[in-house]
Structures are given as C-alpha cells and as structure tokens.
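One structure below.
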Amino acid sequence: MARIFRPTVLELYQLTNVELGVCFSIYGTVAFFSYFLGGSFADKYQPRYLMSISLLLTAVGGIYMATFPSFYELSLLYGYWGFTTIFLFWAAMIKATRVWGGKNKQGIAFGLLDGGRGAVSFGFGLVGLYIFSIFLTQEIEFTALIERQEAYKYVVLTCSALIAFVAVLVFFFIKNETRPTDVKDKVTWRQLLHKYLVVIQIRSVWLLMVIILCAYTGYKITDYYSQFANEVMGYDDLVSAQIGGNLLGIRVFIGVVVGFLADKTKSSLMMIYGFAITIIGASMFSSGIINANSTFLFWFAIILTATGVYAFRTLYFSAIQEGKIPLAVTGTAVGMISLIGYTPDIFMGPLTGYFIDNSPGLQGYQQIFGLLIAFSVIGLIASVAYYKWHPKQEST
C-alpha cells in the first residue's frame, strides 16, 4: 500500500521520506536475520503451516496500522512485519514453488508465482483505490485530512482481512511435500551450521547474491513511481496511486511471458535482457529529459523500466535449478542468498529518502535513477557470468 499510496501515506502518518525509509530499513534489518534463521525451517517443516501462520500474524499488524500509530510505533510495526513476512514465509514459498516446478518448468513456475503476486498486488491496488475513493465526499484536493485518514483506514483494514482469508486458503489448499518431515524434530545449531557450510561452497549461490542485490535495488525504486507522478508530473494523489497500481498489472503479463521464455532458453539469459532494458529506461529518467510536459516519454520510460525490473524479479529464483543447487538445501540456500540479496530493504529507504528530501523535485529522482543504473550494470555483469558458467554438480 505504501508503494501505491506513497504521497498519501507520507501525509497521513506525518512522515518525511527519510522517516518512511527508516521504517523500511528497520523492516529490512529484522528480515536480514530472519532470512538466515528461517531458511532451514523451510527445509524442516511443511510450507503450508509456516505460510498460513505468517499471513495471520501479518494481518494482525495491519489492524494496528489502521490506528495511525506514531513514527516510533510505526517503526516497531515494520520490524514486526520483517519477522512475520520473512522468518516463516519467504523460504517456504520459494521451496514450495521449486518443488512444484520440477526439473524442467522452473521458469514458468516462478513466472506464474511472480505474475500471480503481481495480479494479487494489482487486485489489492484496485480494491484499495475503490475503497479510498468511495469514502471521499469530494475531489481529493478539497478533502480534509481527517476524511482522508478515515478513507485510508478502511483500505488497510480491508487488505488485512484479505490477507487473513488467504492464510486460510493456504492452510487448506497447499499440499504437504511428498517426503514429509518430522515436525517433532528440533532444528539444532549443528544442523543449521552444516547446511550453511554446504551452501556457502556453491558458486552459483554467490552469483545469485549479487544478481538479487542489484535486481532488488531496482524493485525498491518502484516505490517512487507514484511519487514521481505526483511531484514531477503534477498528478494528484488519487491519479498517482492509480499509476502505481496499474504498473502492477504489467507485472502479471511479464511474469508469465518471461517465465515461459526462460524455460525455452535460460533464466540467466532472460536476466541479462532484463538488466539491459532497465538501464535504458533508468537512463531516460536520470538524464532529466522527462518532466511535466513530456507525458509520452514518462509513460514510455516507466513502462520500460518496470518491464526490466519485473523481468529479473521473476527469474532470479528460477535460476536456482540452473545453478544446480541441491533440492535438499533449497530453503537454506534461499535464506543465504536472501541474506545479502535483500539488504536493499535496509539501506535503500533512507538513502533514496535522503536524495528526495535534500534535492526536491526532478534532481532527487535523477540521483535515484542514476543509482539504479549503477546497480543494473553490476547485475548485468553478474548475469553474464552466471550464463557462461556451467556447473557440473547435479541437483538432488
């Protein structure tokens, strides 16, 4: 919701860009440790139990967010979400998808996963926009702050209810693994250390760390699309939110198409294309040629950049099979890769918030997209290395 309603969230919660970035950073810091500890849990316990509990706990946090807590309280809430959405959920979801995709359908499995996530995000955005609009009695620029707060409260509560409902669906409809684990056994520190020692020796794990670090940096910058539309292009809060929500619709199409193409070629090859497209789109934003009078260029660049970002977001975990990472340590590998790959959750929020708060208007966004270009070049190099490397180890 903060991605779609970013200008509204900043106003209603009385936050600066840096403060909202700090909330994301606290989320990322808690998630950092959750990736490390949660990976082996996904190798030990059934994904449907872990995921359903995670979703229920996350929904409870949404109820608290609807009370419009202070900055300090909101920071604690984001830390709480860093635990609920990662420790029990993340590696379990990735492993369940890999098992479902088998040996030859990893691209389409992860393409459907990310496309499906995009569809759900798009649906949440539409629901949120509809609820937000029906509680406004007049044009948004003429509404009082209290009226917008009331409207947004129902947006958050509705999304929380939907998340709780999905938790129930996950519990009843995701099947157990064919080789059930003994949930009575405890995960010992010795077992945990052994698995990480195995995983850390796999070269593809290190390359995926770099690729995901660069790719996720690009995804974090999608948080600013609606704010760019508001502050640079001059659209109001509601139209800006609609732009942010509609871009999630692109993710649905890209996820499925790119996943299909990855199965026909290689996930690493498609990631190369994704980074190259992102560099072109980000260069248009960074150059400063896009302003309030260049609507066509704005849409062309934002769709191009979003296409690249959503493409490699679909692919980077489908490349696990290509990298011959053993199935038995998939959860641990995901935890290890995510430990480094998702560190943008820690530093990107405060960093990009600093750019915008200290360089208002177009200049701050030029700096942000310049940062995206730098990371995309590094990601492109790592993807080329992954594509050219042919691991001999077979997945088990």
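Numbers for the structure displayed
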item	result
Test: residue in the stretch 272-291 that is closer than 17 Å to THR222 by Cα, in contact with a helix residue (DSSP H, G or I) (Cβ under 9 Å, 6 or more places away or on another chain), without any contact (Cβ under 8 Å) to a residue 40 or more places away in the chain and open to solvent by 50 Å² or more (accessible area, probe 1.4 Å)	yes
Considering residues of the stretch 292-310 that are of a type outside the set (A, V, I, L, M, F, W, C) and not in a helix (DSSP H, G or I) only, the residue most open to solvent (accessible area, probe 1.4 Å)	ASN293
Number of the condition not met by PHE33 [criteria: (1) touching a Cys at 6+ places or on another chain (Cβ under 7 Å); (2) open to solvent by 40 Å² or more (accessible area, probe 1.4 Å)]	(1)
Residue list for the stretch 255-268, restricted to those being surrounded by 24 or more Cβ atoms within 10 Å (Cβ to Cβ) and modelled with pLDDT of 80 or more	VAL258, SER267, SER268
Scope the stretch 225-267; condition assigned to a loop (DSSP other than H, G, I, E, B) and under 30 Å from ARG98 (Cα atoms); matching residues	THR265, LYS266
Residue check for ALA109: part of a helix (DSSP H, G or I), more than 20 Å from LEU248 (Cβ to Cβ) and either in contact (Cβ under 8 Å) with a residue 60 or more places away in the chain or of a type outside the set (Lys, Arg) (or both)	yes
Enumeration of residues in the stretch 17-41 that are in contact with a Leu (Cβ under 7 Å, 6 or more places away or on another chain), among the hydrophobic types (A, V, I, L, M, F, W, C) and more than 27 Å from TYR225 (Cβ to Cβ)	PHE36, PHE41
Any helices (runs of 4 or more DSSP H) falling wholly within the stretch 1-103 and containing at least 3 residues that are within 30 Å of ASP237 (Cα to Cα) and modelled with pLDDT under 90	6-12, 17-44
Enumeration of residues in the stretch 3-16 that are more than 16 Å from LEU157 (Cβ to Cβ) and surrounded by fewer than 21 Cβ atoms within 10 Å (Cβ to Cβ)	PRO7, LEU10, GLU11, GLN14, LEU15, THR16
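The values are calculated or read from the model by the stated rules, or taken from the named source; none is laboratory data. Being a predicted model, the structure only gives us computed values, none of them experimental. Neighbour counts run over all protein chains shown; Cβ positions are idealised from the backbone, glycine included. With ligands, DNA and RNA removed, areas are computed over all heavy atoms of the protein, side chains included. Shrake-Rupley method; radii C 1.70, N 1.55, O 1.52, S 1.80 Å.
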